[in-house]
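The structure appears right after this line, and notes come after that.
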Amino acid sequence: MHSQQVTAEPPSNDRVQGDVPGVLRSPVSGADRAPLTFDVIIAGCGPTGAMLAAELRLHDVRVLVLEKETEPASFVRIVGLHMRSLELMAMRGLLDRILPHGRQRPAGGFFAAIPKPAPKGLDSAYAYLLGIQQPVIERLLEEHAIELGAQVRRGCAVAGFEQDDEGVTVELADGQQLRSRYLVGCDGARSTVRKLLGVGFPGEPSRADTLMGEMKVGASQEEIAAKVAEISQTHQRFWLRPFGEGVYSVVVPAAGVSDRAQPPTLEDFKQQLRTIAGTDFGVHSPRWLSRFGDATRLAERYRVGRVLLAGDAAHIHPPIGGQGLNLGVQDAFNLGWKLAAQIRGWAPETLLDTYQAERHPVAEDVLDNTRAQMELLSTEPGPQAVRRLLTELMDFDEVNRHLIEKIAATGIRYDFGEGPDLLGRRLRDIDVKQGHLYGLLHRGRGLLLDRTERLTVGGWSDRVDYLADPTAALDVPCVLLRPDGHVAWIGDDQQDLDDHLSRWFGKPAS
């Protein structure tokens, strides 16, 4: 194993000291440990793992991604990128690459599948949903990470790990051992990393399973539309939606069909369609078939020492509202620059801790809104009455807008302390003299947008970019943006700015 020069030594507060719950202590002495060949090893090359790898590589962090599957997923499942994820893709110059592979649809009807159009004037330049095949978005994000210099090894499963004062020794299923400063588990709902770490995953087990798939149908579009309109009045977990060329997305309750531990079959779909609709619509030639439950769980901790969790390894919930992939990608954007700062040696003392402080509450909110949505899909009289009431309330733009922003993650406000409402929120892609704001964030650095033309980033210029633009479409004098686009400071005083630059970007360079 080739030994490379290690980057900056992490601060002493980041070392694992004493007995830490969930930490597997290494019996190997420092002299016998393998060299720290990588800064970060990521378990899992799904959207979360690939995005995290790319974010780390923007800061020259040496990254290895381990994926247990030998080949990318072959099933063709459509997933949706919501407004906030589209904004993040635009921030890194990825959106133009992704858009041709997807299909845009209006940003409405997300919450509990209540068919309300979006109100006018949503606060985003990307106010739509992009439907895209899951294998395609995974491939594009993996290619992006590799182009930036990340290593990806397929057919490599994490079997164990031990962390010590200097790093993490990761053992693969074939017995090979690798060393890195940090390990991040992005390895899904059944995360090996989370289980080995001993982090609790409390929540509720699945109570109601649902079949979901894409397949061709033999019935006419008119027959399907009429039947779906009739049944959906009482069965919200039932729909057939056309994708073109005779292919439909089919969702139907799974009650009474084969063992949930086994993949569903086309016959399972036919059986349930006949039970509920009186016909199986002549479904045939499935592209993919799956089963999902309403299990809802959240990791107790996102970090133990040098091991962290992100994506489905940290939280699971029903797919209603299409938030899962988006939540994981947004975890990666929040964590990437902070972990890179820790490795590069300029992170403020508590910066890495803000990953859990900010993202854990966001996941809690997603779990709660999916719980609520699943209740609204029930056929029981009580939930149906609440659904009818909420449907009426969503005729008010404020209610509809609030629920859309909740699902699309554009309403998130991190707690940065007292200040204007914009503080802690993400800033939309406004026009600036160099084009669009997000075009200035491709390198994953902070940005000071100065309308007064009087301020400076001084000794932080190696981490924070500067743009003087009195014409920028802002109603405040200046804003300091973090690499994830959230507003870290608002004002016009240089000393106050310096204090906040230190808070988020550490000590200035000498």
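The values are calculated or read from the model by the stated rules, or taken from the named source; none is laboratory data. Nothing here was measured: the structure is a model prediction, and the numbers come from that model. As a convention, Cβ positions derive from the backbone with ideal geometry for all residues, glycine included, and neighbour counts pool all protein chains shown. Note: areas computed on protein heavy atoms with side chains; ligands, DNA, RNA excluded. Shrake-Rupley method; radii C 1.70, N 1.55, O 1.52, S 1.80 Å.
Every listed requirement among (1) touching a strand residue (DSSP E or B) at 6+ places or on another chain (Cβ under 9 Å); (2) surrounded by fewer than 19 Cβ atoms within 10 Å (Cβ to Cβ); (3) assigned to a loop (DSSP other than H, G, I, E, B) is met by R105 save one, (3). Step by step: first the residues of the stretch 226-250, then only those that are more than 13 Å from T279 (Cα to Cα) and part of a helix (DSSP H, G or I), then the one that is modelled with the lowest pLDDT. Which residue is that? Per the criteria, the residue is A229.
In the stretch 34-94, counting only strands (runs of 3 or more DSSP E) that sit wholly within it, the ones holding 3 or more residues that are modelled with pLDDT of 95 or more span 38-43, 63-67.
Within the stretch 205-218, identify whether any single residue is modelled with pLDDT under 95 and over 30 Å from F281 (Cβ atoms), and answer yes or no. Yes, some residue in the stretch 205-218 is modelled with pLDDT under 95 and over 30 Å from F281 (Cβ atoms). Out of L197, L129, L148, L183, one residue alone is in contact with a His (Cβ under 7 Å, 6 or more places away or on another chain) and touching a residue at least 60 places away in the same chain (Cβ under 8 Å). It is L129.
Among the residues of the stretch 444-455, the ones that are open to solvent by 10 Å² or more (accessible area, probe 1.4 Å) and either under 24 Å from L335 (Cβ atoms) or within 33 Å of the chain's Cα centre (by Cα) (or both) come to 2 in all.
When the stretch 301-334 is examined, which residues are found to be crowded, with 24+ Cβ neighbours inside 10 Å and in a strand (DSSP E or B)? Listed by number, the residues that qualify are V307, L308, L309, H315, I316.
Can you tell me which of L240, L197 is within 28 Å of A157 (Cα to Cα) and either open to solvent by less than 20 Å² (accessible area, probe 1.4 Å) or of a type in the set (S, T, N, Q) (or both)? Show your work before the answer.
Working: L240 fails: within 28 Å of A157 (Cα to Cα).
Of L240, L197, the one residue that is within 28 Å of A157 (Cα to Cα) and either open to solvent by less than 20 Å² (accessible area, probe 1.4 Å) or of a type in the set (S, T, N, Q) (or both) is L197.
Residue under question is I137, and the condition is that it be surrounded by fewer than 18 Cβ atoms within 10 Å (Cβ to Cβ) and either within 30 Å of L36 (Cβ to Cβ) or modelled with pLDDT of 95 or more (or both); does it hold? For I137, the condition - surrounded by fewer than 18 Cβ atoms within 10 Å (Cβ to Cβ) and either within 30 Å of L36 (Cβ to Cβ) or modelled with pLDDT of 95 or more (or both) - is not met. Cβ-Cβ distances below 7 Å connect the following pairs, each with a first residue in the stretch 438-465 that is without any contact (Cβ under 8 Å) to a residue 24 or more places away in the chain, a second residue that is surrounded by fewer than 18 Cβ atoms within 10 Å (Cβ to Cβ) and part of a loop (DSSP other than H, G, I, E, B), and a separation of six or more residues or different chains: E453/P470.
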